[in-house]
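Heads up: the structure comes next, in structure tokens.
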Amino acid sequence: MSRIELDSVTKRFPDGTTAVRALDLRVGDGELLVLVGPSGCGKTTALRMIAGLEAVTSGTISIDGVVVNDVEPRHRDIAMVFQSYALYPHLSVYENMAFSLRYRGARKSEIQARVAEAARILELEPYLRRKPRELSGGQRQRVAMGRAIVRQPRAFLMDEPLSNLDAKLRVQMRAEIAQLQRSLGTTTVYVTHDQTEAMTLGTRVAVLSGGVLQQVAPPTELYRRPANLFVAGFIGSPPMNLIDARLERGDGGPLVVFGPHRLRVPPSVLAGHSGLDRYLGEPVVVGIRPEHLADAALAGAPPAGPAGGPAPGGPAAGESVIELPISLREELGSEVHLHATIGAAAHAGAAGDGDDVRSLATIVARADPRSRIAEGTIARLVVDAAELHFFDPATGASIRDG
Amino acid sequence: MAAHPGRRPLGPRLRRHVWAWALFAIMIVIAVVMLYPFWYMADNAFRSPGQFDRQSGHSLAGWSELFANLPVASQMLNSTLVCAAAIAIILVVSTSSGFAFAKLRFRGSGTVFLLVVSALMVPLQSIIIPEYVNLAKLGLTNSYAGAVLVYAALGTPFATFLMATYYRGISDELIEAAIIDGLGYERTFLRIALPLSLPAIATVTVLQFIQIWDDLLVGLLFLPPGQRTITAGLATLSAGRTTSIPALMAGSLISAVPAIVVYLIFQRHLVKGLTLGMGR
């Protein structure tokens with residue numbers, strides 16, 4: 001049981017690249033903190049510094065209040081699960097799990113008891129005599145976990161432990177890791193590039209990009225209140241639609257204008273984003289989650305009536321409904337993704353996952369599967385304007401309070 | 001291959017057959033060329049000088065002549081001792097330094113490794129005289145120690161290169177896992193790296209065994225008559241005014257056997273070790 005603290009930790013490699021920049025993190029006792037970010041964002045380097053496998057260039061790392069910068073990995077009392085599992089190929093499952101205890105001078109009876117217990121928890125009892133090469137991927141993963149838990153360390157460090165498993169097994173092991181961590185209550189730092197894994201596992205999630213911490217928050221808050229454009233684009237799948245727009249003064253309050261489209265900003269949003277006042281007449285980046293775009297025919301919206309604004313008729317009519325040509329309809333069974341072309345620029349700086357390649361001026365709506373909107377037609381989509389996100393186009397920061 | 005007009009080209013199956021047979025024939029020729037000397041050696045070891053001249057009839061005369069003129073047993077023992085000691089030194093040095101070059105980060109690692117590897121390009125003959133002078137100054141000529149040290153020095157660069165290549169193939173995560181599990185680099189080397197590198201160790205052992213066992217120059221130069229290796233002994237056998245070919249063949253046969261046995265024992269590992277690092 002322990003706390004891990006990183007104070008302004010920086011890692012610069014000899015070739016001059018800065019992998020981690022002034023990272024501040026607090027991992028609470030028993031917490032599962034997920035470090036997430038695209039490849040090369042410094043998350044693995046950060047983890048390796050906590051493990052002691054990389055030296056810290058500046059700043060301090062402490063475990064339970066003791067600075068461990070110069071403490072050797074073996075004296076930090078932490079266990080690590082590697083992406084490749086790193087099982088000792090010449091040792092049996094039992095010996096792999098017993099390995100560390102043996103070299104830490106544990107008594108034989110105690111080693112046996114602890115390995116047996118871990119094997120029971122992880123359902124590895126039938127395989128104790130096998131060599132790693134005789135195991136399936138999922139079983140190897142379990143052995144790697146077992147090797148970590150028999151030690152009863154102060155903390156677990158996990159470096160993309162599920163990325164070598166196939167999709168189905170990954171979901172299953174993800175649940176098992178979450179349960180295991182909760183039942184053991186061991187402080188855990190978990191690194192992944194998969195935002196779904198991050199969201200489902202983390203007590204809190206730290207998003208890194210370019211070696212810089214973007215935001216640390218519980219998953220829901222990360223999703224609902226992303227601190228900046230990077231987090232907004234990175235968390236969520238399909239990612240948030242980010243559109244270059246202008247905030248203009250309308251009759252019944254501010255309007256978001258992009259291309260030919262106008263969206264009324266409801267008073268509730270204004271109240272929660274007092275900083276918006278300063279952007280009147282200025283460019284902003286507006287963010288709309290795919291699930292906040294719905295088929296108007298199913299949403300029960302009147303033909304030209306605003307859903308969020310109090311201005312029936314007049315020039316402000318239709319300010320929460322936008323009409324867009326649908327270029328692609330993707331059936332997912334439980335939902336339908338509608339790709340629509342907008343007559344405005346998608347925000348170019350929107351940081352996607354990297355693997356989310358979408359053409360720029362396209363937005364995605366996550367619609368009800370009953371929607372009958374077809375490809376090649378013009379669809380009427382209702383925007384849940386209460387859920388709009390606003391970002392400063394220059395800094396990328398979320399616009400909230402003044 | 002241009003198809004002749006009006007004639008059907010060979011069917012793919014037939015063509016494959018022709019290729020297979022052609023290849024087979026070539027292999028047979030190569031095998032004969034390689035094995036004929038062995039046959040010649042084995043055949044003529046069992047003749048007397050007269051029978052050798054006539055190339056007919058067999059006897060054990062060559063063997064009795066060999067044992068009469070050469071302390072075969074003690075020279076075989078000398079060969080074995082020198083080989084074992086030199087290989088032991090080579091293995092200790094090459095495994096530990098190979099691991100260091102492959103897995104430890106230290107200043108100048110690349111340069112030193114390059115120096116070690118460049119030693120591979122120096123032929124023995126070009127340094128044998130300075131080597132002799134060095135050992136003479138240390139008072140190590142005319143003893144096992146001198147020959148052992150020379151063999152070890154000659155074999156270590158290649159062995160180090162091979163071991164370093166092998167250790168580079170072991171994932172860094174495995175080493176790091178051991179470090180985190182509480183081992184220092186020394187014990188990580190002994191408990192993890194060393195057991196995993198058995199195929200490479202076998203390869204080094206076989207290659208060095210054959211090299212050292214078969215060597216003549218160092219044995220002749222650095223060992224006194226009483227401690228000669230079998231190859232050096234056989235060389236003295238032919239140095240006299242008359243050379244008994246059957247006796248020489250018998251001696252060669254005896255001295256070839258250990259190398260063949262060692263090769264056969266480690267053969268599987270040898271191939272595994274040599275093709276290692278060619279992509280996995």
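The values are calculated or read from the model by the stated rules, or taken from the named source; none is laboratory data. No experiment lies behind these values; they were computed from the predicted model shown. Heads up, the Cβs are rebuilt from the backbone with ideal geometry, glycines too, and the neighbour counts pull from every protein chain shown. Calculation scope for accessible area: heavy atoms of the full protein, side chains included, ligands and nucleic acids excluded. Shrake-Rupley method; radii C 1.70, N 1.55, O 1.52, S 1.80 Å.
What to note about this one:
- Taking 0.36 nm per residue of sequence separation and removing the Cα-Cα distance, the A:Ser237/A:Thr17 pair yields an extension gain of 76.1 nm.
- Around the Cα centre of segment B:71-279, unit charges on the Cβ atoms of Lys, Arg, Asp and Glu (plus for the first two, minus for the last two) sum to a dipole of about 140 debye.
- Leading residue at positive end of dipole, segment B:71-279 (Cβ point charges), from B:Ser244, B:Ala102, B:Pro71: B:Ser244
- Inter-label distance for A:Ser62 and A:Arg225, nm, one decimal - labels placed 7 Å from Cα along Cα-to-Cβ: 2.8 nm
- Distance (nanometres) between label positions extended 7 Å along Cα→Cβ at A:Ser8 and A:Ala361: 4.8 nm
- Taken about its Cα centre, chain A carries a charge dipole of roughly 1460 debye when the Cβ of each Lys and Arg holds +1 and the Cβ of each Asp and Glu holds -1.
- Computed with a 1.4 Å probe over protein heavy atoms only, the accessible surface of segment B:71-279 comes to 47 Å² per residue.
- DSSP H segments from chain B that extend 27 Å or more along their own axis, Cα-based, with Kyte-Doolittle mean of 1.0 or above: B:72-103, B:245-274
- Shielding by partners - mean other protein chain Cβ count within 10 Å, residues of A:148-161: 1
- Across peptide B:105-115, the average count of Cβ atoms from other chains found within 10 Å of a residue's Cβ is 0.
- The protein assembly as shown: antiparallel DSSP beta bridges as a percent of all, rounded to 5: 75 percent
- A:Pro153 sits among other residues whose Cβ lies under 13 Å from its own Cβ, and their net charge, with Lys and Arg +1 and Asp and Glu -1, is +4.
- Selected from B:Phe158, B:Val32, B:Ile180, residue furthest toward positive end of dipole (chain B; charges at beta carbon): B:Val32
- Stretching A:Ile378 away from A:Leu270 to a fully extended chain increases their span by 35.8 nm, per 0.36 nm per residue minus the current alpha-carbon distance.
- Portion, in percent, of the accessible area of the protein assembly as shown that falls on carbon or sulfur, probe 1.4 Å: 59 percent
- Both radii were evaluated on the Cα set of segment B:71-279; the Rg over Rh quotient, with Rh as the Kirkwood radius, amounts to 1.04.
- Spatially proximal lysines relative to B:Lys103 (Cα-Cα < 30 Å; intrachain offsets below 8 disregarded): A:Lys11, A:Lys43, A:Lys131, B:Lys272
- Sites A:Glu95 and A:Leu280, calculated FRET efficiency, Cβ-Cβ separation with R0 60 Å, nearest 0.05: 0.30
- Going from the isolated chain to the complete set of protein chains, segment B:143-189 loses at least 30 Å² of heavy-atom accessible area (1.4 Å probe) at B:Glu173, B:Leu174, B:Glu176, B:Ala177, B:Ile179, B:Ile180, B:Asp181, B:Gly182, B:Leu183, B:Arg187.
- Residue-count net charge about B:Met249 - beta-carbon cut-off 9 Å; Lys, Arg +1, Asp, Glu -1: 0
- Residue-averaged [θ]222 nm for chain B, counting only DSSP H segments that reach four residues, each worth -39500 (n - 2.57): -24000 deg cm²/dmol
- Spacing of the modelled spin labels on B:Ser109 and A:Ala297, each 7 Å from Cα toward Cβ, amounts to 6.5 nm.
- Each helix, a run of at least 4 DSSP H residues, gives -39500 (n - 2.57); summed and divided by the residues of chain A, these come to -6500 deg cm²/dmol at 222 nm.
- Charges were assigned to the Cβ only: +1 to each Lys and Arg, -1 to each Asp and Glu. The resulting dipole of the protein assembly as shown about its Cα centre is roughly 2160 debye.
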